[in-house]
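The structure appears right after this line, and notes come after that.
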Amino acid sequence: MKDKFYLTTAIAYTSAKPHIGNTYEAILADSIARFKKKQGYDVFLQTGTDEHGQKIEEKAKAAGKTPKEFVDEVSAEIKRLWDLVGVSYDKFIRTTDKEHEKQVQKIFRKLYEQGDIYKGSYEGWYCTPCESFWTESQLVDGKCPDCGRPVKKAQEEAYFFKMSKYADRLLKYYEEHPDFILPLSRKNEMINNFLKPGLQDLCVSRSSFKWGIPVDFDDKHVVYVWLDALTNYITGIGYDADGKGSELYQKLWPADLHVIGKDIIRFHTIYWPIFLMALGEPLPKRVYGHGWLLQDGGKMSKSKGNVIYADDLVDVFGRDAVRYYVLTAMPQGADGLISWESVIEKVNADLANVLGNLVNRTIAMSNKYFGGKVEDKGVSEEVDNDLKAAAYAACGKACKAMEDYCVSDALEEIFNLFRRANKYIDETAPWILAKDQTKADRLATVLYNLTESIVIGLSLLYPFMPETALKGAANFGLSLRDFDKLDKFGAFKETKVKETPEILFARLDQKAVMDKVNAMQAERAPKETAAKEPEKASKPMIDIEDFEKVQLKVALVLACEKVEKSNKLLKLTLKVGDETRTVVSGIAKHYSPEDLIGKKLVIVANLKPVKLCGIESQGMIVCAENTEGKIAFLSPEKDIEDGSEIF
């Protein structure tokens, strides 16, 4: 009997269409699920949508729809996107599912009756986008510590969960299960920032809005977000608060892996384990908090106008190219970068030059020299052993990387095999062997070795790029193999390649692609502009005290260079009076480095430093932008010393 492997994504919030950073999580979980299946596990992948809360109630009202109509539309769109990028989920749960709502009510009642939940009132600061309450001391510059948005004073009757009751037990669990939170830095953050300072009781109901699951013994209240959302991981597989639950639940729980974003790791590694302890249920085996996919150093945001969507990317590059990019752009636990230009570069460098070229050359030579027939003639040389060793190593190293879900590392190992195969072509020079009839068997063996290496690589690639792997193997007239069949080089006797194979990846013309992208964005521009106008008009009036908080200074550009791996960022070295500063600015599309050296410009000098692409930026350049998106930096009207303050 195969071992089970139950993994989940966080459920996507139905306030709006998710961008590619949100979609990455579903692709990541799918690649892990497919990999585990190839290893022989009985895999169950659950994903879905989180559909309650004040934010949705407000958005639905603004859209002139009922909350249910609103979430039905957004949930359908999320499901469409997950299907589009090839997520092979076994269960798509919605928190408006009747069975989920029923179990949440039963869970709430059970926790209340056993004394873990009590009724009280709350007074504090509330962030609507995050659906979170904060104390005065938790705010950062008077704003939400999670998202940085404004908060509002709130007071209402609520039910609370006694979190501190389970804090010591949770710490002990951390100690006994050192791999519970991945990466390790996330665990240290939870212990030092939340558990050791002391857990506050958690608000688990709201009485100021109605769009939620009603508390069945107190109809003034609806169940608040986390007790509703987090329990989907058990209700979706048949948990029953009154009994043992379904056969599926008994088989699958505890979860082997929760795949979530780093911004919600606190809820999954503190709130969720404590809820389960209170229910008397086992805790999940592992929680993996992945990083964010940033657009040239900044988090994607509709208000910033820097959102990229998965369906647009798939339309331009194809499903598997998008999967490959996002999976390689995000090292374990770290943030990654995305831009249209960087995807083009990655597709050309890896998918076209390395993989596509390798498959095309091998099939073309097999057709040219042997009429498409591939067979091992047994004429081996030492260089063959190096290629075979690379194939064996790729399998072992990829599986080792996936033990800790280092997906980008696993893909790197697979592409190292493809690179080694390309090198093998150069080393063996089949075109020279073809000129000597006595070397025909050696030539056949070379092409056999190439075909076998490619199919091994494609078999390993399948979990990450399923369409490409299947199409590539079919070009060689072969099937993909399970991972336990990859320890033998020479698994097939002979095959015949396609006379006209399907091209896996061709090189992209950057200008042609960007013309398509720009046209696509221009078509949407009027709607986006209309959506942004209220934001500009809504900025509040400030008084002189607010303005005096901002320190503007004149700076002289001493040096300037492009930031590696970014098409938008420039690194500027500035002289500001007696000090030298580094500032990273997203103006590379408007200025060349040489245009700025020697210029004087204005910077915000008292902005908190922030790291962009690994470089600490110590300020911000002040620029003007017109309605067409053209940028101009501000410069003193007369020559004045750098370091001079603007007032």
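To the nearest 0.05, what FRET efficiency results for K4 and E561 with a Förster distance of 51 Å applied to their C-beta separation?
Here the calculated transfer efficiency is 0.45.
Subtracting the Cα-Cα distance from 0.36 nm times the residue separation, let me have the gained length for D436 to N188 in nm, one decimal.
This chain segment gains 82.8 nm when fully extended.
Ratio of Rg to Rh for region 544-646, alpha carbon only, Kirkwood?
0.95
Just how many % of Cα pairs in region 187-302 lie over 20 Å apart, if you round to the nearest whole percent?
Here the long-distance tail beyond 20 Å is 55 percent of all Cα pairs in region 187-302.
Under 18 Å from the 7 Å Cα→Cβ point of K611, by amide nitrogen: which residues of region 154-197?
Once the point is set 7 Å along Cα→Cβ of K611, 183-190 turn out to lie under 18 Å by backbone N, inside region 154-197.
Which parts of region 432-457 would a label at K377 reach, counting a residue when its backbone N lies under 18 Å from a point 7 Å out along Cα-to-Cβ?
The answer is 432-452, whose backbone nitrogens lie closer than 18 Å to the label point.
Under a plain spin-label model, where a point goes 7 Å from the Cα along Cα-to-Cβ, how far apart in nm are D595 and K110?
6.3
List the pair-distance distribution P(r) of region 8-49, using every Cα-Cα distance, as the percent of pairs falling in each 5 Å bin from 0 up to the bin containing the longest distance, rounded to whole percents.
6, 23, 27, 19, 13, 8, 4, 1
How far apart, in nanometres, would the label points at V140 and S479 be if each is projected 7 angstrom from Cα along the Cα-to-Cβ direction?
If labels sit at V140 and S479, their model points lie 5.3 nm apart.
What ranking of I621, I432 emerges when the number of other C-beta atoms within 10 Å of each C-beta is taken as an exposure proxy, fewest first?
The order, fewest Cβ neighbours first, is I432, I621.
Rounded to the nearest 0.05, what FRET efficiency is calculated for E403 and S644 with R0 set to 51 Å and r the Cβ-Cβ distance?
Once rounded, the FRET efficiency stands at 0.35.
Dividing the convex hull volume of the Cα atoms of region 4-294 by its residue count, what figure in Å³ per residue is obtained?
Per residue, the Cα convex hull of region 4-294 comes to 133 Å³.
Go through region 1-95 and name the trypsin sites (Lys or Arg not before Pro) that are in a DSSP coil and have 13 or fewer other Cβ atoms within 10 Å of their Cβ.
Loop-located and lightly packed - K2.
Can you pull the percent of Cα pairs in region 339-496 with separation above 20 Å?
Pairs farther apart than 20 Å: 48 percent.
Compute the distance in nm between two label points, each set 7 Å from the Cα along the Cα-to-Cβ direction, one at S246 and one at K65.
Calculated label separation equals 2.7 nm.
Give the separation of the Cα centroids, region 452-524 to region 353-414, in Å.
After rounding, the separation between the Cα centres reads 12 Å.
As a test, work out the antiparallel percent of DSSP beta bridges whose residues both lie in the chain, rounded to the nearest 5.
The antiparallel fraction comes to roughly 70 percent.
Take the Cα pairs of region 35-142, get the Kirkwood Rh, then feed it into Stokes-Einstein at 10 °C and 1.306 mPa s and tell me D in µm²/s.
D, rounded to a whole number, is 91 µm²/s.
Taking 0.36 nm per residue of sequence separation and subtracting the Cα-Cα distance, how much length would be gained by fully extending the chain between E176 and D218, in nm to one decimal?
11.2 nm
Largest first and in whole Å, what are the equivalent-ellipsoid semi-axes of region 1-92 based on the Cα gyration tensor, each being the root of 5 times an eigenvalue?
31, 12, 9
Please compare each pair in K65/K106; K38/K373; K210/K285; K38/K400 to a cut-off of 23 Å on the Cα-Cα distance and tell me which ones are over it.
The answer is K65/K106; K38/K373; K210/K285.
The numbers here are math on the coordinates, done by the rules we state, and not lab data. What you see is a predicted model; the values in this text were computed from it and never measured. FYI the Cβ positions are ideal-geometry reconstructions off the backbone, even for glycines, and counts take in every protein chain you see.
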